[in-house]
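Chemist: Let me give you the structure first, and then I'll get to my questions.
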Amino acid sequence: MTSVERKAGRYERRKAAREAKRNEKLTAFDDFNQVADADNLFASFNRSKLGVSWKESVQRYEANAMRNIADTRKKLLAGQSVQSGFMEFTLNERGKIRHIKSVHISERVVQKCLCDYCLNPILTRPLIYDNGASIKNKGVHFALKRLIVHLTKFYNNNGRSNHGYALLVDFSKFFDSIDHAVLFQLLEKQITDQRVLALTRSFVSVFGPGKSLGLGSQVSQTAAIFYPNTLDHYIKEQLRIKYYGRYMDDMYLIHSDKDYLKHCLSEIRRICAELKITINERKTRIVKLSSGMEFLKGRYFLQESGRVLRRPGRDSTIRMRRKLVKFKALINEGKMAVEDLRTAYQSWRGNYRRRFNAYYQVRYMDMLYNRLFIFDRDTIGG
């Protein structure tokens with residue numbers, strides 16, 4: 001046996017040992033008894049009521065919490081349905097109509113228990129590091145921080161040059177296009193407990209015949225994060241894109257060769273066709289890093305010095321100016337409290353100062369605020 005063969009043998013044994021150790025850790029989560037456990041259900045209720053304990057439905061459930069949990073546990077063990085229908089309403093978010101199907105508190109408790117004690121530990125393990133949406137200790141700020149890291153590393157490893165390109169890809173109606181059959185095939189590769197799979201299928205299938213996931217369901221959120229994982233690994237491992245990140249349905253690929261990014265886009269289209277995901281062609285494009293790339297409502301420029309300039313999206317600034325004018329009318333009519341105004345504005349202002357290089361945008365907004373609301377001149381600005 002040659003030294004190369006011995007080295008390859010050692011690598012395979014270490015790899016098998018690591019995989020066995022990972023599988024051993026996941027065995028505890030791939031168990032329906034975790035969902036039907038009364039203590040886990042009660043803990044899930046306590047987490048589910050955070051921020052919504054003022055609702056009448058939550059208070060009614062809490063008044064008989066132990067009895068409700070016992071009934072839920074009995075239904076789960078008997079294989080009966082725990083679904084209670086939806087509370088449906090429509091939101092207009094920045095001009096985009098979103099139809100929300102919110103689940104009742106009794107079902108939300110089961111979904112949270114299923115996700116926290118089974119699905120999340122199992123389905124987040126195979127995710128790439130730079131998938132940051134709705135994962136513990138990650139989120140929007142994590143995704144933006146990783147973008148800054150990627151741009152900086154690209155600059156340093158590209159001869160300290162900002163000559164490069166970013167491929168920006170956006171999915172069209174992401175939740176609506178998720179195919180149930182494909183999703184269930186992907187879940188079956190990760191989960192072995194048939195009762196966990198059956199419960200997950202029941203929460204997914206109610207949102208439509210064959211495809212679509214609903215906004216307002218934690219199981220839908222977890223499934224949506226996991227669904228394009230095959231695409232993530234293909235981009236990282238087969239296309240060898242080092243500087244890649246995805247936040248739900250928004251992704252970017254950074255590379256020095258524009259033609260190679262065109263090849264990557266054709267491969268991404270092929271994988272998306274297999275997953276039955278529709279790409280938004282209007283928002284999918286290749287841009288120069290020096291001209292700025294848009295990601296999560298911001299615009300990021302890689303300058304010649306290597307500095308990453310972070311600019312806010314123009315729409316969000318215009319939207320806040322219009323909000324302040326509307327807030328002024330609501331306060332004059334007595335429909336809005338002054339303290340609510342201050343909280344809303346400080347929230348916007350703090351987010352801008354933290355995320356962007358937007359000194360003048362903030363100062364001009366402060367001037368508008370102080371002009372509209374004289375009473376708060378001394379508390380805003382600076």
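Chemist: Which condition breaks for residue 336 when tested against (1) in contact (Cβ under 8 Å) with a residue 40 or more places away in the chain; (2) of a type outside the set (Ser, Thr, Tyr); (3) assigned to a loop (DSSP other than H, G, I, E, B)?
Modeler: (1)
Chemist: Give just the number: which of (1) within 25 Å of residue 313 (Cβ to Cβ); (2) out of contact with any Leu (no Cβ under 9 Å at 6 or more places or on another chain) does residue 276 not satisfy?
Modeler: Of the numbered conditions (1) within 25 Å of residue 313 (Cβ to Cβ); (2) out of contact with any Leu (no Cβ under 9 Å at 6 or more places or on another chain), the odd one out for residue 276 is (1).
Chemist: With the condition kept exactly as written, say whether any residue in the range 90-103 is in contact with an Asp or Glu (Cβ under 7 Å, 6 or more places away or on another chain), of a type in the set (Lys, Arg), closer than 23 Å to residue 187 by Cβ and modelled with pLDDT under 95.
Modeler: Yes: one or more hits.
Chemist: Within the range 139-160, restricting attention to residues that are open to solvent by less than 60 Å² (accessible area, probe 1.4 Å) and in a loop (DSSP other than H, G, I, E, B), which residue is nearest to residue 256 (Cα to Cα)?
Modeler: So, considering only residues that are open to solvent by less than 60 Å² (accessible area, probe 1.4 Å) and in a loop (DSSP other than H, G, I, E, B), the one nearest to residue 256 (Cα to Cα) is 158.
Chemist: Can you tell me which residues in the range 271-287 are charged (D, E, K, R) and more than 13 Å from residue 171 (Cβ to Cβ)?
Modeler: 274, 285, listed by residue number.
Chemist: Would the range 176-197 turn up any residue that is farther than 24 Å from residue 116 by Cα and over 22 Å from the mean Cα position of the chain (by Cα)?
Modeler: Looking through the range 176-197, none of the residues is farther than 24 Å from residue 116 by Cα and over 22 Å from the mean Cα position of the chain (by Cα).
Chemist: Next question. Quick check on residue 101: is it open to solvent by less than 70 Å² (accessible area, probe 1.4 Å), closer than 30 Å to residue 28 by Cβ and either in a strand (DSSP E or B) or among the charged types (D, E, K, R) (or both)?
Modeler: no
Chemist: Separate question: Go through (1) in contact with a helix residue (DSSP H, G or I) (Cβ under 9 Å, 6 or more places away or on another chain); (2) modelled with pLDDT of 95 or more; (3) open to solvent by 10 Å² or more (accessible area, probe 1.4 Å) one by one and return the number of the condition residue 209 breaks.
Modeler: Here residue 209 meets the rest and fails (2).
Chemist: Hey, another quick one. If residue 297 meets every condition in (1) open to solvent by less than 60 Å² (accessible area, probe 1.4 Å); (2) within 18 Å of residue 169 (Cα to Cα); (3) modelled with pLDDT under 90; (4) not polar (S, T, N, Q) apart from one, which number is that one?
Modeler: That leaves (1) as the condition not met.
Chemist: Among the β-branched types (Val, Ile, Thr) and open to solvent by 60 Å² or more (accessible area, probe 1.4 Å): is that true of residue 284 in this structure?
Modeler: In short, no.
Chemist: While we're here: Run down 30, 39 and say which single residue is at pLDDT 95 or above and of a type outside the set (A, V, I, L, M, F, W, C).
Modeler: 39
Chemist: Which pairs do you get when a residue that is in contact (Cβ under 8 Å) with a residue 24 or more places away in the chain and under 22 Å from residue 303 (Cα atoms), found in the range 159-174, comes within reach of a residue that is open to solvent by less than 10 Å² (accessible area, probe 1.4 Å) and β-branched (Val, Ile, Thr), reach meaning Cβ atoms under 6 angstrom, with the pair 6+ apart or on two chains?
Modeler: Every condition considered, the pairs that remain are 166/254.
Chemist: Pick from the range 333-372 the residues that are of a type in the set (Gly, Ala, Ser) and under 28 Å from the mean Cα position of the chain (by Cα): which of them is surrounded by the most Cβ atoms within 10 Å (Cβ to Cβ)?
Modeler: The qualifying residue surrounded by the most Cβ atoms within 10 Å (Cβ to Cβ) is 358.
Chemist: Also, I was wondering about something else. Please go through the range 220-237 and pick out each residue that is free of Cβ contacts under 8 Å to residues at least 40 places away in the same chain and either open to solvent by less than 10 Å² (accessible area, probe 1.4 Å) or within 18 Å of residue 100 (Cα to Cα) (or both).
Modeler: 235, the sole residue that qualifies.
Chemist: Here is a list: 305, 291, 316. Which entry is hydroxyl-bearing (Ser, Thr, Tyr), free of Cβ contacts under 8 Å to residues at least 24 places away in the same chain and within 17 Å of residue 352 (Cα to Cα)?
Modeler: Criteria check complete, one pass: 316.
Chemist: Okay, moving on. Given the range 210-324, what strands (runs of 3 or more DSSP E) lie entirely inside it while holding 3 or more residues that are charged (D, E, K, R) and farther than 30 Å from residue 87 by Cα?
Modeler: none
Chemist: Something else now. Say we look at the range 169-200 and pick out the residues that are aliphatic (A, V, I, L, M) and open to solvent by 10 Å² or more (accessible area, probe 1.4 Å); which of these is nearest to residue 76 (Cα to Cα)?
Modeler: 199
Chemist: What do you reckon, is residue 245 surrounded by 21 or more Cβ atoms within 10 Å (Cβ to Cβ) and touching a His at 6+ places or on another chain (Cβ under 7 Å)?
Modeler: In short, yes.
The values are calculated or read from the model by the stated rules, or taken from the named source; none is laboratory data. No experiment lies behind these values; they were computed from the predicted model shown. Positions of Cβ are backbone-derived with ideal geometry, glycine not excepted, and every protein chain shown enters the neighbour counts. These area figures cover heavy atoms from the full protein model, side chains too; ligands, DNA and RNA do not enter into them. Shrake-Rupley method; radii C 1.70, N 1.55, O 1.52, S 1.80 Å.
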